[in-house]
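Written out below as structure tokens is the structure these notes cover.
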Amino acid sequence: MTGPPTPASAAPAADLPLILVADDSQLEQRYVGRILAQNGGWQVAFARNGEEALAEITRRPPALVLTDM
């Protein structure tokens, strides 16, 4: 028996809001990405620097950008 669906499993990934995590530390990216994944309900993208972040924002505008944790 399973519990009620979580927000992440209730909607297709394309319908979930996107959060962009921009940080040069791969450790911080993994840490924040894991927290967001465990709490569900978001797509998560990563950028290593401002240039990558701007390119990602242009390609797929996020609902939220988290920078330099």
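Each value in this text was obtained by applying a stated rule to the coordinates, not by laboratory testing. For clarity, every value in this text was computed on a predicted model and none was experimentally measured. Positions of Cβ are generated from backbone atoms using ideal geometry, with glycine treated the same way; all protein chains shown enter the neighbour counts.
Packing, as the average of other Cβ atoms within 10 Å across residues, places the peptides 33-41, 19-27 in the order 19-27, 33-41, highest first. Under 5 Å between amide hydrogens, built in the peptide plane, is the criterion, and for GLN43 it picks out LEU18, ILE19 among residues at least 5 positions away or on other chains. Across the range 30-47, rounded Karplus estimates of 3J(HN,Hα) from the backbone phi angles (6.51 cos²θ - 1.76 cosθ + 1.60, θ = phi - 60°) give 4, 4, 5, x, 5, 4, 5, 5, 5, 8, x, x, 9, 8, 10, 10, 10, 9 Hz, Gly and Pro being marked x.
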